Each structure stands twice: as C-alpha cells, then as structure tokens.
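Chemist: Below is the structure I would like to discuss, written out as structure tokens.
What follows draws every value from the coordinates through simple rules; no lab data is involved. Remember, it's a predicted structure, so these values are computed and weren't measured experimentally. Reconstructed Cβ throughout: ideal geometry from the backbone, glycine too, with neighbour counts over all protein chains shown.
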Amino acid sequence: MILPILVVAPSDKRGRGVFTTVAIAANTVIEISPVLVLSTKDRKQVEKTVLFDYIFEWGPVKEKKACIALGYLSLYNHAYDANCDYEMDFDTELMTIKTVRDIQKGEELFINYNAVADDATPIWFDAT
C-alpha cells in the first residue's frame with residue numbers, strides 16, 4: 001500500500017526522493033510494502049553491487065541478513081531529523097513508513113538510516 005499522494009521526483013543533491021502532493025498529518029501511515037529478505041550469503045553478494053546503497057539491515061544483528069524493500073521504500077532519502085520513521089515486521093516481511101510530524105504539501109519525505117527518526121549517529125556516507 002502506497003498512498004496515491006506520494007510521488008518520486010528529483011531531490012536537490014540527492015538524486016531521486018519521495019515527496020507528497022498534499023499536506024499530511026503527523027502519525028499517518030503512508031506506505032506498507034513487502035521486502036525481499038536476503039540470506040547472509042546473498043547479502044555479501046549484493047554488497048558488491050549498486051544495490052548495496054538500497055538494502056536495509058534485517059532481523060537479529062547476529063544473523064547479518066538484509067532486505068531489499070519494494071515500493072518506494074528504498075528511495076526515501078536520509079536525514080538525521082527525519083520527518084518519517086520506519087518499522088520492520090520480521091514475521092510478515094513488511095516495512096511501514098509513518099510520518100512523525102505534520103508534513104507540508106510538496107515536502108520531501110525522509111527517514112533516518114539509523115532506524116530512529118532523530119538519531120544523529122554518523123552513517124556510512126556524508127549526509128550533509
């Protein structure tokens with residue numbers, strides 16, 4: 001499920017991103033999408049490809065699994081003060097994106113790649 005008010009469009013200095021065409025209230029679920037779970041072995045192979053920048057950690061850390069998220073999920077750009085948050089459901093192999101504050105019409109939607117909307121821990125690339 002992807003709300004029809006979301007669009008993929010060019011993002012300033014970030015390639016593509018996900019934007020809204022209308023204002024959205026805080027705590028609104030805007031996307032629920034399936035994922036393709038990668039075994040530890042498959043993840044190692046994917047890390048050697050362009051898909052490395054689009055995978056998410058998946059499951060218990062000790063397993064070192066990953067997933068490729070379908071829908072728009074892999075196109076949300078990173079921000080340390082993200083306006084959206086994501087939740088992973090390991091049992092159903094789904095990810096959910098929800099707004100954490102009110103969003104303005106035309107605003108780009110961001111997630112924090114640290115998995116917490118306001119976590120300022122440096123990530124693996126320069127996100128400034």
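Chemist: Let me have the relative contact order for the range 24-91, percent, based on Cα pairs under 8 Å that are six or more residues apart. Don't skip to the answer; put the middle values down first.
Modeler: On the way: 60 pairs, mean separation 22.2, N = 68.
Relative contact order comes out at 33 percent.
Chemist: Describe numerically, in nm with one decimal, the distance between label points set 7 Å from Cα along Cα→Cβ at Val37 and at Asp91.
Modeler: Placing both labels 7 Å along Cα→Cβ, they lie 1.3 nm apart.
Chemist: Something else about it: Using the Cα centre of the chain as the reference point, and only Cβ charges (+1 on K/R, -1 on D/E), how large is the resulting charge dipole? Debye, rounded to the nearest 20. The partial results should precede the final answer.
Modeler: On the way: 13 positive and 19 negative charges, 89 e Å.
Its charge dipole is roughly 420 debye.
Chemist: A further question on this structure: Between beta-carbons, use under 14 Å as the cut-off and find the net charge around Ala9, counting Lys and Arg +1, Asp and Glu -1.
Modeler: +1
Chemist: Can you give me the C-alpha center-to-center distance between the range 69-97 and the range 7-38, rounded to a whole angstrom?
Modeler: 9 Å
Chemist: Tell me what the chain gives for mean residue ellipticity at 222 nm when only DSSP H runs of n ≥ 4 count, each as -39,500 (n - 2.57), the sum divided by the residue total, rounded to 500 deg cm²/dmol.
Modeler: Numbers: 1 runs with 7 residues, N = 128.
Mean residue ellipticity at 222 nm (helix-derived): -1500 deg cm²/dmol.
Chemist: What does the range 6-111 give for Rg and for Dmax, in Å, if only its C-alpha atoms count?
Modeler: When restricted to the Cα atoms of the range 6-111, Rg and Dmax are 14.3, 42 Å.
Chemist: In the neighborhood of Ala25, defined by Cβ-to-Cβ distances under 12 Å, what is the net charge if each Lys or Arg adds +1 and each Asp or Glu adds -1? If you can, show how the numbers build up before the last one.
Modeler: Working: positive: Lys98, Arg101; negative: Asp102.
In short, +1.
Chemist: Restricting to DSSP loop positions (anything but H, G, I, E, B) with no more than 15 other Cβ atoms inside 10 Å of their own Cβ, which GluC sites (Glu not before Pro) remain in the range 2-88? Spell out each step's value before the answer.
Modeler: Details: sites: Glu31, Glu47, Glu57, Glu63, Glu87; in loops: Glu47.
Filter output for the range 2-88: Glu47.
Chemist: Let me ask something else about it. Pairs of lysine in the chain with Cα under 28 Å and at least 8 positions apart or on different chains: total?
Modeler: 15
Chemist: Around Val37, under 14 Å between beta carbons, what's the net of Lys plus Arg minus Asp minus Glu among the other residues? Working shown, then result.
Modeler: Working: positive: Lys41, Arg43, Lys64, Lys65; negative: Asp42, Glu57, Glu63, Asp89, Asp91, Glu93.
Within the 14 Å Cβ shell, the charges total -2.
Chemist: From Cα pairs below 8 angstrom and at least 6 apart in sequence, can you work out the relative contact order of the chain, rounded to a whole percent?
Modeler: On the way: 264 pairs, mean separation 39.0, N = 128.
Dividing the mean separation by the residue count of the chain yields 30 percent.
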